[in-house]
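What follows is one structure encoded as structure tokens, with my remarks underneath.
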Amino acid sequence: MTDTEQTTPATQHCGYVALVGAPNAGKSTLLNRLVGAKVSIVSKKVQTTRARITAIAVEGDVQIVFLDTPGIFVPKRRLDRAMVTAAWSGIDDADAVLLLIDAGKGYDDESRAIVEALKARKRKVLLALNKIDTVAREKLLGLAKMLNDDYPFEQTFMISAEKGHGVDDVRTALAKRMPAGPWLYPEDQLADVPMRFLAAEITREQVYRSLHDELPYAITVETENWTDQKKGGAARIEQVIYVERDSQKKIVLGQGGQMIKRIGAKAREEMQVQFDRPVHLFLFVKVREDWGDDPERYEAMGLDFPKK
């Protein structure tokens, strides 16, 4: 934006967009595309996003604040309930809602349950069919018709979040729906996420990517200490990976500590790119049985602790 094109409070628009869908629909990948930078972790493991990630995009004189909500599913555990509550809270707070459907999975039971809940809320919703490069055109058109017959979506988009196809059209359409009002964040800010939390998310992503199906879903990472060092401007970051059993700890450590070293190296490399500074990362693995029932762990993840 040039000096002559700068927006003023009188011309600015700003609002919230809730990005919702079933686990692994591609919400975090789409969010990173919409913003133009990596602000949310991505892995093949379901239910990767746990807390609402606030990311910011600018489209002309419009600032769009995205809420990347946890995937909506049928909760079975306390952590599941906290995540689903956070997701619906994002929808209720938003000025616009974008429902993302994995075109390969089609209109499955998880997506139907979300649509039924949206009906009860009587929200205006935009629909994006994701991963279109993996599905035949005839199937896509049939899926779009089926969904629009079931719910009065304002607009339907065919996209590939991974490759970026159709994402600009989605961002433009969302920008048109933002109410008039001053921007909430500086123009160059991409996310409203504490660096300590983002650092923990980066490490959690690398744990999932390195271990795939070897490690159960119930792990969490917390940044316990962050020290800005005067020499070289480096950050010394100490994190704890919490697991529920000794057998899980052995998996994370790996033979001779090789796995934890690999995870640490990849996480440190990512942090140095994100924070644009040298990072000295120290990882520890601790067993904390039933951490999913510990209110402090939920606070660290930015989730409300369900009482039941």
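The values are calculated or read from the model by the stated rules, or taken from the named source; none is laboratory data. Worth saying up front: this structure is predicted, and the values here are computed from it rather than measured. Because the Cβ atoms are built from the backbone with ideal geometry, glycine has one as well, and the counts that use them run over all protein chains shown. These area figures cover heavy atoms from the full protein model, side chains too; ligands, DNA and RNA do not enter into them. Shrake-Rupley method; radii C 1.70, N 1.55, O 1.52, S 1.80 Å.
Observations
- The set of residues in segment 206-228 that are out of contact with any helix residue (DSSP H, G or I) (no Cβ under 8 Å at 6 or more places or on another chain) and at pLDDT below 85 comprises 208, 212, 213, 217.
- If you go through segment 149-166 and keep only what is on the phi < 0 side of the Ramachandran plot and open to solvent by less than 60 Å² (accessible area, probe 1.4 Å), you end up with 150, 151, 153, 156, 157, 159, 160, 161.
- Filtering segment 154-212 to residues that are under 23 Å from residue 125 (Cβ atoms) and of a type in the set (Ser, Thr, Tyr) leaves 156, 160, 172.
- Neighbours by Cβ (under 9 Å, 6+ apart or cross-chain): first from segment 245-271, closer than 18 Å to residue 219 by Cα; second part of a loop (DSSP other than H, G, I, E, B) and among the charged types (D, E, K, R): 245/289
- Test: residue in segment 284-294 that is within 26 Å of residue 54 (Cα to Cα) and either at pLDDT 65 or above or exposed (fewer than 12 other Cβ atoms within 10 Å of the Cβ) (or both): no
- Among the residues of segment 108-148, those that are of a type in the set (D, E, K, R), surrounded by 15 or more Cβ atoms within 10 Å (Cβ to Cβ) and modelled with pLDDT under 90 comprise 110, 123.
- Checking each residue in segment 24-35 for being open to solvent by 10 Å² or more (accessible area, probe 1.4 Å) and not in a helix (DSSP H, G or I) picks out 24, 26.
- Condition met for residue 204 (among the basic types (Lys, Arg) and under 30 Å from residue 257 (Cα atoms)): yes
- All of (1) within 19 Å of residue 96 (Cα to Cα); (2) open to solvent by 60 Å² or more (accessible area, probe 1.4 Å) hold for residue 187 with one exception: (1).
- Hits in segment 167-184 - residues which are part of a loop (DSSP other than H, G, I, E, B), more than 13 Å from residue 58 (Cα to Cα) and open to solvent by less than 60 Å² (accessible area, probe 1.4 Å): 179, 181
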